[in-house]
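Encoded as structure tokens, the structure appears first; notes follow it.
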């Protein structure tokens, strides 16, 4: 079982955003999408989630084209957390997280003890249990981000797609979140800006530049000084960390 993109492309206002990208998401692993702003990371995630159809090419889940899946069936398998999510409704944290159970319930299905167990579990996992009664508009940016991630986890997805999940989080919560993701029995695809975090927590990296894949492989293969210079336009020194054995990037003036 896998999530796969075959030669997908998407354009806006006549301008290519991503072009001819093919990749297979490793099952029960973490794939990191890296690249500068505007390289196509968010667009690719939305195509993989089925939130927009590709202009050409196809996305498939378990070898079945995504457009052939019922929307509710996709929602039971694939959870997506975008960079910006909000609501004008006065709603509590626990109610937002409860929305994650929607794909698993019928319109008239009563709330069950299993639904509540899952909500309580993800609130605890994301450190939100003390905030469950707080209203959305009273939350900090980081607390909102964790609430949306908890909502996605409540879906119990097999594929979890995250667009810049560490945005707005302080260092402690960044590390806690990425460590949590690594312990979950899910396939995860996440866009990350921080290359050192990507190196530490991703099994595989895909580097995008101007809407195309320029490197795909292990962190050691992708995070090289020449590639970083070519794609990001900065000088860097890359070494293996004595603490975790993954690449560590130091940026040079």
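The values are calculated or read from the model by the stated rules, or taken from the named source; none is laboratory data. Note that the structure is predicted; figures quoted are calculated from it, not measured. Positions of Cβ are generated from backbone atoms using ideal geometry, with glycine treated the same way; all protein chains shown enter the neighbour counts.
When you scan region 106-113, do you find a residue that is within 17 Å of the chain's Cα centre (by Cα) and within 21 Å of residue 136 (Cβ to Cβ), even just one? No, region 106-113 contains no residue that is within 17 Å of the chain's Cα centre (by Cα) and within 21 Å of residue 136 (Cβ to Cβ). Taking region 15-30 as the range and being surrounded by 22 or more Cβ atoms within 10 Å (Cβ to Cβ) and within 18 Å of residue 199 (Cα to Cα) as the test, only 30 passes.
Listed here are the residues, each with its yes/no results for (1) surrounded by 21 or more Cβ atoms within 10 Å (Cβ to Cβ); (2) closer than 22 Å to residue 78 by Cα.
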{"residue": "153", "(1), (2)": "yes, yes"}
{"residue": "193", "(1), (2)": "no, no"}
{"residue": "211", "(1), (2)": "yes, no"}
{"residue": "216", "(1), (2)": "no, no"}
{"residue": "222", "(1), (2)": "yes, no"}
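Condition check ((1) over 13 Å from residue 208 (Cβ atoms); (2) surrounded by 15 or more Cβ atoms within 10 Å (Cβ to Cβ); (3) at pLDDT below 95; (4) out of contact with any strand residue (DSSP E or B) (no Cβ under 8 Å at 6 or more places or on another chain)) across all residues:
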{"position": "13", "(1), (2), (3), (4)": "yes, no, yes, yes"}
{"position": "38", "(1), (2), (3), (4)": "no, no, yes, yes"}
{"position": "50", "(1), (2), (3), (4)": "yes, yes, yes, no"}
{"position": "54", "(1), (2), (3), (4)": "yes, yes, yes, no"}
{"position": "63", "(1), (2), (3), (4)": "yes, no, yes, no"}
{"position": "83", "(1), (2), (3), (4)": "yes, yes, yes, no"}
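Just to be sure, is residue 137 surrounded by 16 or more Cβ atoms within 10 Å (Cβ to Cβ) and in contact (Cβ under 8 Å) with a residue 24 or more places away in the chain? Here the answer is no, as residue 137 does not meet what is asked.
Can you pull out the residues in region 224-235 that are over 14 Å from residue 36 (Cβ atoms) and either touching a helix residue (DSSP H, G or I) at 6+ places or on another chain (Cβ under 9 Å) or surrounded by 13 or more Cβ atoms within 10 Å (Cβ to Cβ) (or both)?
Residues satisfying the conditions are 224, 225, 235.
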